[in-house]
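Let me begin by presenting the structure, written as structure tokens, before commenting on it.
The values are calculated or read from the model by the stated rules, or taken from the named source; none is laboratory data. All values derive from a computational prediction rather than experimental measurement. Ideal geometry is used to build each Cβ from the backbone, glycine not excepted, and the neighbour counts take in all protein chains shown.
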Amino acid sequence: MGMFDSFNIAATGLTAQRLRMDLISNNISNATTTRTPEGGPYCRKRAIFAPVNVRPNYKSPLVPERIDSGAGRGVRVVKIEDDKEPFRLVYDPFHPDAIKTGPQQGYVEMPNVNIVMEMTDLISASRSYEANIMMVNNARTMFAKALEIGRTGA
């Protein structure tokens, strides 16, 4: 693992968690939006993560192919998808978006956003972001210490 690999891995985590926090804040801000340009209520969005599959540039010929060093390569956002949970129905016959006819007459389809779940996800994303920041700071300190040892040790 090279010197800057740890920074690159942490950077992928920072980018992914930042996007996740942006999606969560968008979900929270649209928790009561009953009419969107696409029609219907706002649909909760979520990010799907996957590991970064990048082969290392160099692998020693002495190490068998089946043995992996276990070093991570980071994470990436594969896609942003709509949550498949059904919309909530709230009885409000005077709402402009209330269903006009049928067995659900007077009900309003509300977004499938659960504020408690969103806040829990936001705390999780924030903690993951902080962990990646801590990783960058620790790696920077470690590399600075190694340079200091190299200067005084020679």
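Rundown of residues vs (1) touching a Phe, Trp or Tyr at 6+ places or on another chain (Cβ under 6 Å); (2) surrounded by 11 or more Cβ atoms within 10 Å (Cβ to Cβ); (3) over 30 Å from Leu89 (Cα atoms); (4) at pLDDT below 90, yes/no style:
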position: Met3; (1), (2), (3), (4): no, no, yes, yes
position: Asn8; (1), (2), (3), (4): no, yes, yes, yes
position: Ala11; (1), (2), (3), (4): no, yes, yes, no
position: Arg18; (1), (2), (3), (4): no, yes, yes, no
position: Asn27; (1), (2), (3), (4): no, yes, no, no
position: Arg55; (1), (2), (3), (4): no, no, yes, yes
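Restricting to the stretch 1-46, name every residue that is polar (S, T, N, Q) and in a helix (DSSP H, G or I).
Within the stretch 1-46, Ser6, Asn8, Thr12, Thr15, Gln17, Ser25, Asn26, Asn27, Ser29 meet the criteria.
Is at least one residue of the stretch 124-135 more than 14 Å from the chain's Cα centre (by Cα), assigned to a loop (DSSP other than H, G, I, E, B), closer than 24 Å to Asp22 by Cα and of a type outside the set (Phe, Trp, Tyr)?
No, that holds for no residue.
Output the qualifying pairs, or none if there are none: Cβ atoms under 8 angstrom, residues six or more apart or on different chains, first residue in the stretch 107-131 and of a type in the set (Asp, Glu), second residue part of a helix (DSSP H, G or I).
So the pair list comes out as Glu118/Ile24; Glu118/Asn27; Glu118/Ile28; Asp121/Arg20; Asp121/Ile24.
Looking for something farther than 30 Å from Ala139 by Cα and either surrounded by 12 or more Cβ atoms within 10 Å (Cβ to Cβ) or modelled with pLDDT under 95 (or both) - is there at least one such residue anywhere in the stretch 66-80?
Yes, the conditions are met somewhere in the stretch 66-80.
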